[in-house]
Amino acid sequence: MESLEEDRVAKSVGALLRNLREQAGLSTRALATRAGISQAFLSQLERGASTPSVFTIYRLAEALEVPPGELLPVPPSDAAVVRIVRADEGDLIPVADRPDSAVGRFMTLGTDAQLDISEYRIAPGQYASEWWQLDNDGEVAIYFVTGHLDIEFDGVGRYRFGPGDVVAHPARLRNRWLPVDDQPIHLTLTMTRPSGDPTPGSRHPER
């Protein structure tokens, strides 16, 4: 008895085969004759009731005048996985170890993901000016939703950002955030994780 995975592959191959045959304007009899297989076997393949051998795939591909890969389904991969973090989910991360610190929401996408996202809403009077950096070779990108903020990059300079602005920098670049007025600030911080690094990154203050 075929496993569920084998059944999925057979049905996927069958659907691709039928679609290519119809695009070529061929009947099942005509394609079967060209490929040197029986019409009954071709019908089984298109229904997903049988799985073709590699040899049969090559014969069908030649008859359809397409590369053999056109008859093979794309295997599922991590890129096809949908990850969802709802508005009320995520871990809260303080910007500094003090009671008036602004707090961010860290929305981890899993240890296998190459991307981490944090959201920060800095209220007037909250502290957010701790020097910080990440301990990996990834990249950081910040998108400013509302409010204005200066960012001072160690040894580089100080820049002001407002709604709609984006800034990107190496994760290891030491920097600090400096609110410029009494208006609330809302921003998102996206961090790429280096390949092979299983540890999610997060904005953390210097010790």
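The values are calculated or read from the model by the stated rules, or taken from the named source; none is laboratory data. Because the structure is predicted, anything quoted here is derived from the model rather than measured. Neighbour counts run over all protein chains shown; Cβ positions are idealised from the backbone, glycine included. The area values use the complete protein model at the heavy-atom level, side chains included, leaving out ligands, DNA and RNA. Shrake-Rupley method; radii C 1.70, N 1.55, O 1.52, S 1.80 Å.
Brief remarks on what is shown
- For segment 130-198, accessible area per residue (1.4 Å probe, heavy atoms of protein chains only), Å²: 49
- When every Cα-Cα distance of segment 18-157 is counted in 10 angstrom steps from zero, the calculated P(r) takes the values 9, 26, 16, 9, 11, 14, 12, 3 percent.
- Protection proxy ranking of 57-64, 125-132 - average other beta-carbon atoms within 10 Å, highest first: 57-64, 125-132
- Segment 1-71 - convex hull of alpha carbons, volume per residue in Å³: 75
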